[in-house]
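The structure under discussion is supplied below as C-alpha cells; questions concerning it will follow.
The values are calculated or read from the model by the stated rules, or taken from the named source; none is laboratory data. No experiment lies behind these values; they were computed from the predicted model shown. Cβ placement follows ideal geometry from the backbone for every residue including glycine, while neighbour counts extend to all protein chains displayed. To get the accessible areas, we keep the full protein, side chains included, count just its heavy atoms, and leave off ligands, DNA and RNA. Shrake-Rupley method; radii C 1.70, N 1.55, O 1.52, S 1.80 Å.
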Amino acid sequence: MPSMTEQLIHNQLSKYYDKVYSFKDYLDEAVRLQNLIIKYLESGGNTLLDVACGTGLHIKYLKDDFSCTGVDCSRSMLKIARKNAKGVTFKEADMKSLRLGKQFDVIICLLSSIGYVRTLSNLEKTIHNFANHLKKGGLALIEPSNAKTVYVSGQPRITTYDGKDAKISRVNVTKIRQTTAILNMHLLIAERGKDATYFVDKQILGLFGINNTLKIMKAADLKSKYLKNGLMPGRELFVGIKK
C-alpha cells in the first residue's frame, strides 16, 4: 500500500492526470474495446465494470453502449471521473478486496493498473475477485505490467503537456528490482499566474509475467489468452472468459 505521503501526492496530482495522459486516444481505445467485447463476450449482456477507472475517460466513451460502473481507490480521481462521465455510478474500492454484490458482463482493468497489487498473492486475490464479479460467459480484459515491454530497466522516459495555461513535464528512469518496477515520476508543473511546482510521485508496480498471470486466470475459472497487440502500441492484453 502507498504511504500516507505517497497518497497525499497522488491526490495533489490527480487534477493534472488528464493533462499528463492527453496523448492517449481514449475514443480509439473505446472502439477497440468494443470490438474485443463483440469478439469474445459470451454472456450477451451490456453491464461493464471499469476497475481502477481513474478519471473515467474510457467510461466516457463507453457509457452510451454499456451500463457502466467505475471503481477506484482514489477519492480524488473519482471526483474528476464523476465530472468526465456524468450519470455513471462510481465507487471507491480496492481491487484486492472488491465486494460489489453484483456481477457484470465485462470487466476492464487498463493502463497496467493491475501492477499496483504488487505481489503474486495479491494478484491471485484480485483475479479471483474479477471472476467472482463476472457472469457466466462474462469477459475480463486486463492490460498487464511486464518488465520486457512496458517497464524496461534503466530506460528514461518523458511525457509533456504543452497547453496555453499550463506546461507539464514528467520524467522518470525505470528501476527493476527482481519482480518489481520502481518509478520515481519527477513532475515539473507551471500554470498561468503561479510559481512552478515540483513533485516526485513514487510508483511501485508488480511484474508478474505472462505465464504466471495466465496460470492464475485459469485457476480462477477463466478461459484465458494473451494478446501481444492490445489497445495501444507497446501494450499487451489478457483476455479471460468466465466458464
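Are any residues in the stretch 85-100 part of a loop (DSSP other than H, G, I, E, B) and within 19 Å of Ala131 (Cα to Cα), and if so, which ones?
Ala93, Asp94, Leu98, Arg99, Leu100
Could you say which residue among Leu120, Leu98 is within 18 Å of the chain's Cα centre (by Cα), open to solvent by less than 20 Å² (accessible area, probe 1.4 Å) and touching a residue at least 40 places away in the same chain (Cβ under 8 Å)?
Leu98
While we're on this one: Name the pairs whose Cβ atoms lie under 9 Å apart, with the first residue in the stretch 142-165 and farther than 30 Å from Leu222 by Cβ and at pLDDT 85 or above, the second part of a loop (DSSP other than H, G, I, E, B) and among the basic types (Lys, Arg), and 6 or more positions between them or separate chains?
Lys164/Arg192; Asp165/Arg192
If you take the residues in the stretch 172-202 that are under 23 Å from Lys125 (Cα atoms) and without any contact (Cβ under 8 Å) to a residue 24 or more places away in the chain, which one is surrounded by the fewest Cβ atoms within 10 Å (Cβ to Cβ)?
Gln178
Would you pick out the residues in the stretch 55-75 that are open to solvent by 10 Å² or more (accessible area, probe 1.4 Å) and under 24 Å from Ser97 (Cβ atoms)?
His58, Ser67, Cys68, Thr69, Asp72, Cys73, Ser74, Arg75
Considering only residues of the stretch 131-147 that are under 15 Å from Ser224 (Cα atoms) and over 14 Å from the mean Cα position of the chain (by Cα), which is surrounded by the fewest Cβ atoms within 10 Å (Cβ to Cβ)?
Here the answer is Lys136.
Here's something else I'd like to know. Residue by residue through the stretch 117-133, note down the ones that are closer than 8 Å to Gly206 by Cβ and part of a helix (DSSP H, G or I).
Val117, Leu120, Asn122, Leu123
Here is a check on your reading of the model: is Leu207 farther than 19 Å from Tyr17 by Cβ and either free of Cβ contacts under 8 Å to residues at least 60 places away in the same chain or open to solvent by less than 40 Å² (accessible area, probe 1.4 Å) (or both)?
For Leu207, the condition - farther than 19 Å from Tyr17 by Cβ and either free of Cβ contacts under 8 Å to residues at least 60 places away in the same chain or open to solvent by less than 40 Å² (accessible area, probe 1.4 Å) (or both) - is met.
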